[in-house]
Amino acid sequence: MNNHAVEINDLSCHFGSFKAVDRISLTVEQGEIFGFLGANGAGKTTAIRMLCGLLIPSGGGGQVAGFDILKQSEEIKKNIGYMSQKFSLYPDLTGRENLNFYGAAYGLDKKQILARTEELSNRLQLAEFIDRPTLSLPVGWRQRLALAASLLHKPKILFLDEPTGGVDPVFRRKFWQILYQLAEEGVTIFVTTHYMDEAAYCQRISVMHRGQIILRGKPYDLIEQHRAANLEELFIDLIRGRENADA
Amino acid sequence: MILSVAGKMPMRSIRFLALKELYHILRDPRSLAIAIAMPLLMTFLYGYAVSLDINNVVISVIDYDQTAESRQLIDYYYRSTYFGPADYEPDRSDPEGILRRGDAIAILTIKSGLATALENGQEFELGLLIDGSDNTLAAAVQGYSEGVVNSYLMDRMPPGMKMPGISISNQVLFNPDLESSHFFVPGLLAIILMMISALLTSITIAREKETGTMEQLLTAPVSPMAILIGKIIPYIFLAFLDGALILVLARILFDIPFAGSGLLLVGFGLIYVSAALSIGILISSLVKTQQVAMMLALIMTMLPSVMLSGFIFQIKNMPTFLKIISDIVPAKFFLIVIRGILLKGAGIQTLGIQAVYLLILMTILIIIAALKFKTKVD
Ligand SMILES: Nc1ncnc2c1ncn2[C@@H]1O[C@H](COP(=O)(O)OP(=O)(O)OP(=O)(O)O)[C@@H](O)[C@H]1O
Ligand SMILES: [Mg+2]
């Protein structure tokens, strides 16, 4: 067995004749922050869903946390945390009730849930908000709560699908500080984003376009190789080039 | 086998799922209204609507007594707003014909001897022949007819005097099954249990799909079966709570009898509710939003339960294709069961065939629902 956190080969997902994900391959190392980029509809969410066992791939395969994504999705689920693109806490429950509930769903017992809630509440500075209905919270706090929920069972790999969408820059910076801490503790982070400044925080990135990976590498290497001023410029040039070629 | 499955079930997760569902119900005024207020309101409205609906119902009287007393009794009938006389003198030799032609809804027969019986405080029986083809109307006619006779007796008798035992022997034509003035409550029970079980479950599952929490939940190492069980448990309790509330309310307001076995009713209720929950799960697997779930649930459950169960329209008068469709409507069988148990005290011997039908429907529905409930998102 190798020790990549994630490794996929020629992974595909077709909806009818439409190829939402078209033969992508990639590896993510343990403890790495891996950025998954691409425009709207590029296929990022679809790819993550296959990795988390929510969608059956149409072709290809791979492993997550050492388990086969086709055959061992139950094992995978125990080892990963997932924060979906949609806000996925129950709005009518308080933060604590949400954490209690998800903790039980992850098979933690009462004591473990209590301890983890305490720990995460301190770490993510949630104390002030945790006993309010999540509906009433500002987006930034809600997303932090959702992160807490996905961390309850101490996952080895964290899949974050646009965790900072719609959040203001100050919150986003705090959020990334938390991600850095987690990575230092050995948690692998697989994150999608639209924000180019966030792409630069990642150790390595992959860029998806129409179901395929069209660029990969370390952010600064890529800028240098392509002699771009910054990542944003690089992407725009790249995607424009693709579209001209397609036309 | 069931035990081994239960052994593997994450009881703790299920408990939390059920508890969470309960929070949702209790904190959402809308679902609370659907769950508790609406059934009570429906019992209330329906009960009184049925009772108040009768107005100038045509009743013919065949009076063999021909005394001042008998004429006074007839006068009581016609002076009430509930009953009115026929336009012309009915043909006494063919009372059935009168009803069949629709010249009257009911025929009151007063044998000779009413006056004597009243004087001597003896037993006396009036005969009431009712057209039962509209069973709600027929039920109301029975109730109000008793009311008229009672008020006649009360007015006649000085207070403190012993009431003569005047009773009405009701005979219902064209629908011999009609034996009680409380036909609506059993039907209402069947419909509300269906509504709570199918409508609310389909909405709550669709809501989790719509908001994305189902996706989150499915990434947790908890089996979809546990998710389902946890979600439906509160609705089973809710359904039974509603059932009990309706029965108690109907008892207090309308004096509905409960002739049969409560245990038998609970047993049948479990089968019926399981079938209904499966329909709810099935619906939720077909839709992505709460709105559509609600629409589909209304069409697939409420509509047939109201129209094709025998609740309002008699099945035997339906065209053949509707009769065939009615055979897959669980409410149809449950209605017979519940009417039988409440009104006639029917036991399992008489309800065996309904039990078989309901069990078959339930099994088929559970299998389809289990196959359809998706463990993946799309
Ligand atoms: N269940 C489905 N059936 C059909 N098409 C789908 C389905 N799910 C996704 N798609 C399509 O697949 C494509 C990729 O979608 P996906 O959600 O993976 O993109 P994304 O990169 O996450 O985009 P965004 O940045 O908007 O989240 C889109 O065109 C989408 O419409
Ligand atoms: Mg997406």
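Could you give the angle, 0 to 90 degrees to the nearest 10, between helix B:201-211's Cα long axis and the longest principal axis of the Cα atoms of chain B?
Once rounded, the angle reads 40 degrees.
Out of segment A:184-220, which chymotrypsin sites (Phe, Trp or Tyr not before Pro) are coil in DSSP terms and have no more than 11 other C-beta atoms within 10 Å?
On the way: sites: A:Phe190, A:Tyr195, A:Tyr201, A:Tyr220; in loops: A:Tyr195.
Of the chymotrypsin sites (Phe, Trp or Tyr not before Pro), not one in the loops of segment A:184-220 has a Cβ with at most 11 other Cβ atoms within 10 Å.
If you take each beta carbon of peptide A:83-89 and count the beta carbons of other chains within 10 angstrom, what is the mean?
Numbers: counts 2, 7, 2, 6, 4, 9, 4.
Per residue, the number of nearby Cβ atoms from other chains is 5 on average.
Could you name the aspartates and glutamates whose alpha carbon sits less than 18 Å from that of A:Lys156, not counting residues in the same chain fewer than 8 places away?
Of all the aspartates and glutamates, those that pass the test against A:Lys156 - Cα under 18 Å, at least 8 places apart if same chain - are A:Glu7, A:Glu29, A:Glu32, A:Asp68, A:Glu74, A:Glu75, A:Glu119, A:Glu184, A:Glu185.
In segment A:68-106, which trypsin sites (Lys or Arg not before Pro) are in a loop and have at most 15 other Cβ atoms within 10 Å, using DSSP for the loop call?
Working: sites: A:Lys71, A:Lys77, A:Lys78, A:Lys86, A:Arg96; in loops: A:Lys71, A:Lys86.
The qualifying sites are A:Lys71.
Order by neighbour count: B:Ser151, A:Ser17, B:Ser326, A:Ser58, fewest other Cβ atoms within 10 Å first, most last.
In order of increasing Cβ crowding within 10 Å: A:Ser17, B:Ser151, A:Ser58, B:Ser326.
Measure off 7 Å from each Cα along the Cα-to-Cβ vector at A:Ala39 and A:Gln181, then give the distance between these two points in nanometres to one decimal.
Inter-label distance under the simple model: 3.8 nm.
Give me the net charge for the shell around A:Glu75: Cβ to Cβ below 12 angstrom, other residues only, Lys and Arg +1, Asp and Glu -1. Spell out each step's value before the answer.
Details: positive: A:Lys71, A:Lys77, A:Lys78, A:Lys156; negative: A:Asp68, A:Glu74.
Neighbour charge sum, excluding A:Glu75 itself: +2.
What is chain A's relative contact order, in percent, from Cα pairs under 8 angstrom and six or more apart in sequence?
Working: 443 pairs, mean separation 62.4, N = 247.
Computed value for chain A: 25 percent relative contact order.
Rank the residues B:Asp255, B:Asp28 as a footprinting-exposure proxy: fewest other Cβ atoms within 10 Å of their Cβ go first.
Numbers: B:Asp255 10, B:Asp28 15.
Ordered from fewest to most neighbouring Cβ atoms within 10 Å, B:Asp255, B:Asp28 come out as B:Asp255, B:Asp28.
Given the DSSP H assignment, sum -39500 (n - 2.57) over each helix run of at least 4 residues in chain B and divide by its residue total; what's the result at 222 nm in deg cm²/dmol, nearest 500?
Helix-only estimate at 222 nm: -19000 deg cm²/dmol.
Which of A:Phe15, B:Phe124 comes first, and how do the rest follow, when ranked by fewest Cβ neighbours within 10 Å? Intermediate results must be reported in sequence, preceding the final value.
Numbers: A:Phe15 12, B:Phe124 19.
In increasing order of surrounding Cβ atoms, one gets A:Phe15, B:Phe124.
So, with +1 on the Cβ of K and R and -1 on the Cβ of D and E, and no other charges, what is the size of the charge dipole of segment B:181-377 about its Cα centre, to the nearest 20 debye?
So the magnitude is around 260 debye.
I need to check one value: relative contact order of segment B:261-378, counting alpha carbon pairs closer than 8 Å and at least 6 residues apart, in percent. Intermediate results must be reported in sequence, preceding the final value.
On the way: 95 pairs, mean separation 46.6, N = 118.
Contact order relative to length: 39 percent.
Helix B:11-27 versus the longest principal axis of chain B: what is the Cα-based angle in degrees, 0 to 90, to the nearest 10?
50
What FRET efficiency comes out for A:Arg240 versus A:Gln203 if R0 is 22 angstrom and r is the Cβ-Cβ distance? Round to the nearest 0.05. Don't skip to the answer; put the middle values down first.
Numbers: r = 27 Å, r/R0 = 1.21.
Efficiency, rounded to the nearest 0.05: 0.25.
Between B:Thr320 and B:Val266, what is 0.36 nm times their sequence separation minus the Cα-Cα distance? Round to one decimal in nm. Spell out each step's value before the answer.
Values: separation 54, 0.36 × 54 = 19.44 nm, distance 3.23 nm.
Taking B:Thr320 through B:Val266 to full extension adds about 16.2 nm, to one decimal.
With only Lys, Arg, Asp and Glu charged, each at its Cβ (+1 for the first two, -1 for the last two), find how big the charge dipole of segment A:1-118 is about the Cα centre; round to the nearest 20 debye.
Working: 12 positive and 12 negative charges, 52 e Å.
The dipole magnitude comes to about 240 debye.
Quick check: the distance between the Cα centres of segment B:226-274 and segment A:68-114, to the nearest angstrom?
After rounding, the separation between the Cα centres reads 34 Å.
With unit charges on the beta carbon (Lys/Arg positive, Asp/Glu negative), name the residue among B:Ile368, B:Thr350, B:Leu335 whose Cα is farthest towards the positive pole of the charge dipole of segment B:181-377.
It is B:Ile368, whose Cα lies furthest towards the positive end.
Residues of segment B:286-305 with the amide nitrogen closer than 20 Å to a label point 7 Å from the Cα of A:Phe18, along Cα-to-Cβ, please.
Answer for segment B:286-305: B:286-289.
From a point 7 Å beyond the Cα of B:Thr289 in the direction of its Cβ, which residues of segment B:181-225 have a backbone N at a distance under 18 Å?
Backbone N within reach: B:202-214.
For an R0 of 56 angstrom, estimate the FRET efficiency from the Cβ-Cβ distance between B:Asp327 and A:Ala115 and round to the nearest 0.05.
Values: r = 57 Å, r/R0 = 1.01.
After rounding to 0.05, the efficiency reads 0.50.
In nm, to one decimal, how far is the modelled label at B:Glu146 from the one at A:Asp10, with both set 7 Å along Cα→Cβ?
About 8.0 nm, to one decimal.
Beyond 47 Å, what share of the Cα-Cα pairs of the protein assembly as shown remains, rounded to the nearest whole percent? If you can, show how the numbers build up before the last one.
Numbers: 73591 of 195000 pairs.
Result: 38 percent of Cα pairs exceed 47 Å.
I need the shape label for segment A:1-98. Rule: rounded when a/c is under 1.5, else prolate if a/b > b/c, else oblate, with a, b, c from the alpha carbon gyration tensor. Working shown, then result.
Numbers: a/c = 1.74, a/b = 1.26, b/c = 1.38.
Note, shape of segment A:1-98 comes out oblate.
Mind checking A:97-107 for the average number of partner chain beta-carbons within 10 Å of each residue's beta-carbon?
6
In nm, give the distance between the simple-model label positions of B:Glu96 and B:Ala355, each being 7 Å from the Cα along the Cα-to-Cβ direction.
3.6
To test your reading of the geometry: what angle, between 0 and 90 degrees and rounded to tens, separates the Cα axis of helix B:262-286 from the longest principal axis of chain B?
50
If you average the sequence gap of Cα pairs under 8 Å that are 6 or more apart and divide by the length of chain B, what percent do you get for the contact order? Let's see the in-between values first.
Details: 500 pairs, mean separation 68.0, N = 378.
Computed over chain B, the figure is 18 percent.
I want to verify a result. In a Gaussian network model of chain B, Cα cutoff 10 Å, which of these has the top mean-square fluctuation: B:Ile367, B:Ile14, B:Ile246?
B:Ile367
Taking trypsin sites (Lys or Arg not before Pro) as candidate sites, keep only those in a DSSP loop with at most 16 other Cβ atoms within 10 Å, then name the longest stretch of chain B containing none of them. It would help to have the intermediate numbers written out before the result.
Numbers: sites that count: B:Arg92, B:Lys111, B:Lys162, B:Lys288, B:Lys374, B:Lys376.
Looking at chain B, B:163-287 is the longest stretch - no exposed trypsin sites (Lys or Arg not before Pro) with at most 16 other Cβ atoms within 10 Å.
Just so you know, all these numbers are worked out from the coordinates, no wet-lab data involved. On a predicted model such as this, the values are computed, not experimentally measured, just so you know. All Cβ positions, even for glycine, are placed from backbone atoms using ideal geometry, and neighbour counts span all protein chains on display.
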